[in-house]
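Take a look at the structure set out below.
The values are calculated or read from the model by the stated rules, or taken from the named source; none is laboratory data. Quick caveat, the model's predicted, so the values are computed rather than measured. Glycine gets a Cβ as well: all are built from the backbone with ideal geometry, and neighbour counts include every protein chain shown.
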Amino acid sequence: MLPSFDPGALLLECYASEEGCSLHCDQGDWTVVFAVGPHLRANWLLEIHTSSRPSELELGAIATFLRCFRNQQDQWDYANLDTLTKLLNRKTFEESFDRLIDRAAHAQYERLMSRGPVELTRPCWLGVIDIDHFKRINDGYGHLFGDEVLLRVADLMRRSFRASDRLFRFGGEEFVAMIYHAEEDVITGIFDRFRHAVEGHQFPQIDQVTCSIGFTRIDPSR
């Protein structure tokens, strides 16, 4: 890691460099940092440590590899992310849900056929989130503000749920959250926390936005 370096400053150095990277030397030890992602919109910093200064050929090879990686990432994003909110899209949800049901059916079959204990797939909480009166927002304030509401709700989802939770835009004003490794006595609080975050958020030109949430448990052990 780079505790003494400012990530924002490193990004600016990468953007300004012809090689697309930032080089630092500390007592003979070199640190090379590449910005990974679209120009001026990098998603990650790649940090490389070496005992000697990388040659221009080596830097060029790394830059070429990262461009290939970025192209692959762009293709994955196009296929799996919602265009507006950048949450996972409906197609990805349907694929994830199908896999979950298949695992549940397989676990149930194994339990029925086995006389001993069976290691079962982890349970999952499936929550459906619907923005209340969204058509009224679109009709009263216009689609530009409607899209802003969708973007902010998606951002609130990212901040409210864990990085391991899978978040989807199902379509229109409907979102889905797949929550793993949460106990039954805390799951209501998890969704209530998000609901209160939406209610308490200040949306542009709109006094208040609320949402309705329903959730159920999908458990292969049952």
Identify, from the list A42, A104, the residue that is over 29 Å from L150 (Cα atoms) and modelled with pLDDT under 90.
-> A104
Which of the residues that make up the range 39-48 are under 14 Å from E13 (Cβ atoms) and in a strand (DSSP E or B)?
-> L45, L46, E47
Number of the exception - S55 against (1) touching a residue at least 12 places away in the same chain (Cβ under 8 Å); (2) of a type outside the set (A, V, I, L, M, F, W, C); (3) farther than 23 Å from D77 by Cβ = (1)
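Answer yes if at least one residue in the range 86-108 is among the hydroxyl-bearing types (S, T, Y) and part of a loop (DSSP other than H, G, I, E, B), and no otherwise. Break it down stepwise before answering.
Going residue by residue through the range 86-108, those that are among the hydroxyl-bearing types (S, T, Y) are 92, 96.
When the remaining residues are screened for being part of a loop (DSSP other than H, G, I, E, B), the result is none.
No, the conditions are met nowhere in the range 86-108.
Select, from E148, E199, E173, E184, the only residue that is among the charged types (D, E, K, R) and closer than 27 Å to H106 by Cα. Full working, then the answer.
Numbers: E148 fails: closer than 27 Å to H106 by Cα; E199 fails: closer than 27 Å to H106 by Cα; E173 fails: closer than 27 Å to H106 by Cα.
Exactly one of E148, E199, E173, E184 is among the charged types (D, E, K, R) and closer than 27 Å to H106 by Cα, namely E184.
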Scanning the range 55-85 for residues that are farther than 30 Å from S96 by Cα and among the charged types (D, E, K, R), the one surrounded by the fewest Cβ atoms within 10 Å (Cβ to Cβ) turns out to be E56
Qualifying residue in the range 114-131 (condition: of a type in the set (F, W, Y), out of contact with any Gly (no Cβ under 6 Å at 6 or more places or on another chain), at pLDDT 95 or above and over 30 Å from F34 (Cβ atoms)) = no
Within the range 49-58, is even one residue farther than 29 Å from R159 by Cβ and assigned to a strand (DSSP E or B)?
-> yes
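Scanning for something acidic (D, E) and surrounded by 12 or more Cβ atoms within 10 Å (Cβ to Cβ), does the range 21-33 turn up at least one residue?
We begin by selecting, within the range 21-33, every residue acidic (D, E); these are 26, 29.
Within this subset, residues satisfying the condition of being surrounded by 12 or more Cβ atoms within 10 Å (Cβ to Cβ) are none.
The answer is no; no qualifying residue exists.
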Top-ranked residue in the range 162-171 [being touching a Phe, Trp or Tyr at 6+ places or on another chain (Cβ under 7 Å) and not charged (D, E, K, R); ranked as farthest from I187 (Cα to Cα)] | F170
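How many residues, within the range 173-186, are surrounded by fewer than 16 Cβ atoms within 10 Å (Cβ to Cβ) and either on the phi < 0 side of the Ramachandran plot or modelled with pLDDT of 95 or more (or both)? Give the steps one after another, and end with the answer.
Initial filter on the range 173-186 (surrounded by fewer than 16 Cβ atoms within 10 Å (Cβ to Cβ)): 174, 180-181, 183-186.
The next check asks that each one be either on the phi < 0 side of the Ramachandran plot or modelled with pLDDT of 95 or more (or both); those that pass are 174, 180, 183-186.
So the count comes out to 6.
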Yes or no: I137 touching a Cys at 6+ places or on another chain (Cβ under 7 Å), in contact (Cβ under 8 Å) with a residue 12 or more places away in the chain, in the same structural domain as S212 (by TED's automatic domain parsing) and not small (G, A, S)?
-> no
